[in-house]
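Every number here is computed from the coordinates shown, using simple stated rules; none is lab data. Owing to the predicted nature of the structure, the values given are computational and were not obtained by experimental measurement. Here Cβ is always computed from backbone atoms with ideal geometry, including for glycine, and neighbour counts include all displayed protein chains.
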Amino acid sequence: MIPGVATASEVMQATAHGFSLLKLFPAETSGGVEHLRALAAPFPNVRFMPTGGVDGSNASEYLALPNTLCVGGSWLVPRDLVRNCDWQVLELHVARSLSKLGAAVGDS
């Protein structure tokens, strides 16, 4: 289980219950990358999984932060490709997205 948080108070509650991995949701409307930067100093042992407004255009910004473990979002698996069982196009889309993200954060 990864509890969802949006505020520093919620992070405090979650860490008091022993959690060190938290879902930041909704990430973009909660302050986005700048919010995660602000949470880094007071919560140095907490890692986040931002979701909600994260997409292919901003995921690399989140992943570049040291307190971000991973990102999530429906952009990675478009609903229409699943609905149409277009598995080959879906596989290509996911592979390209992951390759782009890997290049953006310095992975090969």
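Looking at the stretch 14-86, the helices (runs of 4 or more DSSP H) lying wholly inside it that each contain 3 or more residues that are in contact (Cβ under 8 Å) with a residue 24 or more places away in the chain and not hydrophobic (A, V, I, L, M, F, W, C) sit at 59-63. If you check 34, 28 for being under 15 Å from the mean Cα position of the chain (by Cα), within 21 Å of residue 73 (Cβ to Cβ) and exposed (fewer than 14 other Cβ atoms within 10 Å of the Cβ), only one passes: 34.
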